[in-house]
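Since the structure comes first, as structure tokens, the remarks are kept for the end.
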Amino acid sequence: MVSGSFVYNKLNSLQVELAKSQAKSSGELNTSEFEIDSLSREREEGYVKLALHYLPEMTAEAVRKTISEAQEEVQKIFRARQERRAKLEQSMEAAGKRRLVLEERLQIIDDTLTKKAAERDNLIGEIEKGLKERPDYTEVIGTATGLSETLEGYERAFNEFRENAERKLGEYRESKLFAYLLNCNFGTPEYSAGRIRETLDSWVAEMIGFSKAIADYKHLVSIPELMQAEIQRTQSSLKPLQEKVDAIEKEFADRYGLTRVLEEGRKYKKDKDEVISSIEETDKESRAYANERREIDGEKDEFYRQAIGKLKEYLKGETISELKTLARSTPGSEDDGLVARIGEIDSSIRTLKDSSKEIRERRDGYQEKAQEVKDILLDFKRRDFDEEGSNINVDLDDLIKRYVSGKISNTILWSELEAKRTYHKPKPAFDDDEYGGGYGKIYGGGHSHSGGSRSSNWGGSGGGGFKLGGGSGGGSFHMRGGV
């Protein structure tokens, strides 16, 4: 088992190494492409020399001009691609630097939230002591606790009864004979029918046991309404008690400075959310730059394909083929050397292009994994997996090795970390839910004061505090009026 902060630092080191590997691959790709460009120029110059030597002047000039124009077109597009790629990589680098600044700010906020949580806990401890010395507070808390437990029992009984009632009422309504008698108000003063029909209806009612069924039906309809009314009466009785608790707790919170700490906590939590959103936007930009670079390097540009195709077609055409044949058939070491060199260049260019393709794939793979790890690191921060007390029971080196080698995806990597994470040393901090309610929610919320992580709810700490609609009591539902 390792600490969450250790895992965070390890993953952060991994994404740094992946980013370095990506940058290194980008440099290798640029070097490879410049070598291809240089060799291509040398090859075309060789063809021009052979043409000037072996072909008629006009034909030789045509060869030189065609090769020059085709090469110039290719070079123009090549330079434009290089410039665009350089700008994209500069933008990616700038986004990376902005992310680093945001990450530093996020860490400062997290550290501050942790300190504020400790300050809050100390204040709550002091307030607890003070509240225990307030007879009116302990009295109202005791009354409210009992009433709250009763309310929970009512609500539980109501939900169970309503669920069963809805099922049974549905069965009654699906019975065509029962539904017929119900809709015609059989057995009530509102029922009106001739003698023959009344005789038939009575026979049907006796056959299906309507008198007992309708009594049960009315019971199923009326009891939930009575139960709901009792719940509302209990809630009304509980409301002034909680308001009194809230008022006393607010008085203590203001006096001890807890109100100020909570407000500061809300502010820092909001700042944290905003920083995380900014990081997500920065990552979105980086992905867009990386995708555009991938498209550029994938030779999807139509003009580039046409220019390359035109040059290749000419170099494989009859004129160049004839030129090579003439050079080979004519004695002369210089000419033979040119032809041999052109062959070497062709072979080198093919090798370099294959190598460039592999380099591009490696570079894009490094970039993609680096971004995936950044996403995981951001989830770590969002869910406070890196704070004190957070531990993860995994073989981290093996997990990272399997991820880097492609044996597992980033989704599986994260799910492994998430599933094996435990939290042994609660250290409460601030969350949106912590600030949404009254002070009775903080002190009288029925929660033990053990705290929680920076992203978890933190509740009350009052001795024997009550929880509205909660608690552990409540049994059968006792209705007023003996129902």
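Within segment 337-379, the residues that satisfy the criterion of being touching a residue at least 24 places away in the same chain (Cβ under 8 Å) and among the aliphatic types (A, V, I, L, M) are LEU338, VAL339, ILE342, ILE345, ILE349, LEU352, ILE359, ALA370, VAL373, ILE376, LEU377, LEU378. Scanning segment 376-398 for residues that are hydrophobic (A, V, I, L, M, F, W, C), in a helix (DSSP H, G or I) and either closer than 21 Å to LEU102 by Cβ or under 21 Å from the mean Cα position of the chain (by Cα) (or both) yields a count of 4.
Looking across segment 144-164, the residues that are surrounded by fewer than 18 Cβ atoms within 10 Å (Cβ to Cβ) and more than 39 Å from the chain's Cα centre (by Cα) come down to GLY146, PHE161, ASN164.
For the structure I just gave you, tell me whether VAL7 is part of a helix (DSSP H, G or I) and touching a strand residue (DSSP E or B) at 6+ places or on another chain (Cβ under 9 Å). Taking the combined requirement at face value, the residue satisfies it. Within segment 170-223, being within 60 Å of the chain's Cα centre (by Cα), among the small types (Gly, Ala, Ser) and part of a helix (DSSP H, G or I) holds for GLY170, ALA179, SER211, ALA213, ALA215, SER222.
Evaluate the following for VAL7: is it crowded, with 18+ Cβ neighbours inside 10 Å and modelled with pLDDT under 80? For VAL7, the condition - crowded, with 18+ Cβ neighbours inside 10 Å and modelled with pLDDT under 80 - is not met. For beta carbons closer than 6 Å, sequence separation of 6+ or different chains, a first residue in segment 12-26 that is in a helix (DSSP H, G or I) and a second that is of a type in the set (D, E, K, R) and crowded, with 18+ Cβ neighbours inside 10 Å, the qualifying pairs are GLN15/LYS374; LEU18/LYS369; GLN22/ARG363; SER25/ARG363; SER26/ARG363.
Here GLY170 fulfils each of the conditions (1) in contact with a Leu (Cβ under 6 Å, 6 or more places away or on another chain); (2) modelled with pLDDT under 90 apart from (1). Only residues that are assigned to a helix (DSSP H, G or I) and without any contact (Cβ under 8 Å) to a residue 40 or more places away in the chain were counted across segment 399-412, and they come to 6.
The values are calculated or read from the model by the stated rules, or taken from the named source; none is laboratory data. Quick caveat, the model's predicted, so the values are computed rather than measured. Here the Cβ is made from the backbone with ideal geometry for all residues, glycine too, and neighbour counts use every protein chain on show.
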